[in-house]
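Contents: one structure, followed by commentary.
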Amino acid sequence: MGLRFESNPSIESRPSLLLRMLHWSVALLVIFQGLLGFANLHVAWFYEQRATTIALHEEVGVLILLLTVTMLALRWVEGRRSGHGLDPMQTRLAALMHAALYFLILSESLFGIWIVGLLGHPLTFFLWHVSLPVLPNPRAVFEGGLMQVHAAIAAALASAAVLHALAALHHHYILGDDVLRRMLPWNKLTRRVMASR
């Protein structure tokens, strides 16, 4: 008996490289954004530098929004559906998880942009500055509980992201399927099988 490597049909049906790169880019940016948002409120140095760190927080939020919309459009173009190759129950759970993640990402991004407008600031994305059609009302942000809502959505997003990661690890290490490997960014993946000499 010997080892040989062959193409895995499940892996060959995975999303395009661009879609996989968008997936991991958004995931890493969401983690960074969550940590930055927490640091802006609870770490003294970040609070002291808040003019810079909040501006960075805003720009990263816009970038996450743009990449997420691009990812959703590309999923539609490619005809991607959640839970490819899984049983009906797991497919429904995957669809619900993805729907929750996209809803929370889009909600958090748009809510953040609304807060920027209420503070009377233009929307800034690198060299791009756009005045928002929002009547400034800073008191609504700080006294109306909007910052708490923003933080609550972030906490819900963090919880959903952790569940998503745990589910992927469960598929990889417990169920032994290709759910996680299909989303890895590199192209050449094979599976190892036993073969007669």
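Restricting attention to the range 15-64, report how many residues are of a type in the set (V, I, T), within 11 Å of the chain's Cα centre (by Cα) and farther than 18 Å from V116 by Cβ. Working first, answer last.
Of the residues in the range 15-64, the ones of a type in the set (V, I, T) are 26, 30-31, 43, 52-54, 60, 62, 64.
After this cut, where a residue has to be within 11 Å of the chain's Cα centre (by Cα) as well, the list is 26, 30-31, 64.
From what's left, farther than 18 Å from V116 by Cβ: 26, 30-31.
The qualifying residues number 3.
Within the range 48-67, restricting attention to residues that are part of a helix (DSSP H, G or I) and not aliphatic (A, V, I, L, M), which residue is surrounded by the most Cβ atoms within 10 Å (Cβ to Cβ)? Talk me through it step by step, then tell me what you get.
Taking the range 48-67 and keeping what is part of a helix (DSSP H, G or I), we get 48, 50-67.
Subset that is not aliphatic (A, V, I, L, M): 48, 50, 52-53, 57-59, 61.
Working: E48: 10, R50: 12, T52: 10, T53: 18, H57: 19, E58: 19, E59: 15, G61: 26.
It comes out as G61.
Kindly establish whether L106 is in contact with a Pro (Cβ under 9 Å, 6 or more places away or on another chain) and either modelled with pLDDT of 95 or more or more than 22 Å from D177 (Cα to Cα) (or both). Give the steps one after another, and end with the answer.
On the way: in contact with a Pro (Cβ under 9 Å, 6 or more places away or on another chain): no; either modelled with pLDDT of 95 or more or more than 22 Å from D177 (Cα to Cα) (or both): yes.
Against the criterion (in contact with a Pro (Cβ under 9 Å, 6 or more places away or on another chain) and either modelled with pLDDT of 95 or more or more than 22 Å from D177 (Cα to Cα) (or both)), L106 does not qualify.
Could you identify the single residue in H121, H129 that is modelled with pLDDT under 90, closer than 25 Å to T53 by Cα and either in contact with a Lys or Arg (Cβ under 8 Å, 6 or more places away or on another chain) or outside any helix (DSSP H, G or I) (or both)?
Details: H121 fails: modelled with pLDDT under 90.
From the options H121, H129, the qualifying one is H129.
Take the residues in the range 1-38 that are assigned to a helix (DSSP H, G or I) and among the hydroxyl-bearing types (S, T, Y), then tell me which one is modelled with the highest pLDDT. Talk me through it step by step, then tell me what you get.
Pass one, the range 1-38, residues assigned to a helix (DSSP H, G or I): 9-12, 17-38.
Filter again for among the hydroxyl-bearing types (S, T, Y), leaving 10, 25.
Values: S10: 50, S25: 97.
Among those residues, the one meeting the criterion is S25.
Could you please give the count of residues in the range 99-138 that are in contact (Cβ under 8 Å) with a residue 40 or more places away in the chain and within 17 Å of T68 (Cβ to Cβ)?
Adding up the residues that qualify gives 14.
Tally time: how many residues in the range 173-193 are at pLDDT below 90, of a type outside the set (V, I, T) and exposed (fewer than 15 other Cβ atoms within 10 Å of the Cβ)?
9
Just name the residue that is nearest to the chain's Cα centre (by Cα) out of those in the range 136-171 that are exposed (fewer than 11 other Cβ atoms within 10 Å of the Cβ) and either within 19 Å of E58 (Cβ to Cβ) or basic (K, R) (or both).
Per the stated criteria, the residue is Q148.
Quick check on the range 68-116: of everything there that is hydrophobic (A, V, I, L, M, F, W, C) and in contact with a Ser or Thr (Cβ under 7 Å, 6 or more places away or on another chain), which residue is surrounded by the most Cβ atoms within 10 Å (Cβ to Cβ)? Outline the logic, then answer.
Of the range 68-116, the ones hydrophobic (A, V, I, L, M, F, W, C) are 69, 71-74, 76-77, 86, 89, 93-97, 99-101, 103-106, 110-111, 113-116.
From what's left, in contact with a Ser or Thr (Cβ under 7 Å, 6 or more places away or on another chain): 94-95, 105-106.
Details: A94: 19, A95: 13, I105: 26, L106: 15.
Result: I105.
The values are calculated or read from the model by the stated rules, or taken from the named source; none is laboratory data. In this text the structure is predicted, and so the values were computed from the model without any measurement. Cβ: placed from backbone, ideal geometry, glycine included. Neighbour counts: every protein chain shown.
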